[in-house]
Amino acid sequence: MGEQVITKDTTIEELIEMVPASVKYLMEKGIRCIVCGEPIWGTLEEAAEEKGFSQEDIEGFVRDLNELYEHRDEYKEQEPDKKIDVDKLNLDKDNK
């Protein structure tokens, strides 16, 4: 692995901008990083400590997230094959 771009002092906002896949990674760890569509304030370390993670855990997150960063093009979310046609959905608007 090359030089670490992401550190425990990286803000959540910076992290999400650099590695969009970090949202899923952090949520799987129980760390909420987006509220109402906006990144939470603070650093990776602060967000992890708030959830009770140790410094050793945080170091592991930093390693994993730097790995995600190095391979970020492979983890980009793919567009769905087809879009949902809202007009064709049965929303039961008239049945109330």
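Considering segment 86-96 alone, what residues qualify as being of a type in the set (A, V, I, L, M) and either at pLDDT 90 or above or assigned to a helix (DSSP H, G or I) (or both)? Even if it seems obvious, please write down each step before you answer.
First, pick out the residues of segment 86-96 that are of a type in the set (A, V, I, L, M): 86, 89, 91.
Within segment 86-96, just V86 meets the criteria.
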Hey, E46 charged (D, E, K, R), over 19 Å from I12 (Cα atoms) and either at pLDDT below 80 or part of a helix (DSSP H, G or I) (or both) or not
no
Out of T7, T11, report the one residue that is at pLDDT 80 or above, of a type in the set (V, I, T) and in contact with a strand residue (DSSP E or B) (Cβ under 7 Å, 6 or more places away or on another chain).
T11
Among the residues that make up segment 63-75, is at least one of them outside any loop (DSSP other than H, G, I, E, B), of a type in the set (K, R) and at pLDDT 80 or above?
yes
Here the residues within segment 1-28 that are over 15 Å from E70 (Cα atoms), among the β-branched types (V, I, T) and over 9 Å from the mean Cα position of the chain (by Cα) are T10, T11
Among K51, K83, which is closer than 12 Å to K29 by Cβ, modelled with pLDDT under 95 and out of contact with any Pro (no Cβ under 7 Å at 6 or more places or on another chain)?
K51
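The values are calculated or read from the model by the stated rules, or taken from the named source; none is laboratory data. These numbers come from a predicted model, not from an experiment. Neighbour counts run over all protein chains shown; Cβ positions are idealised from the backbone, glycine included.
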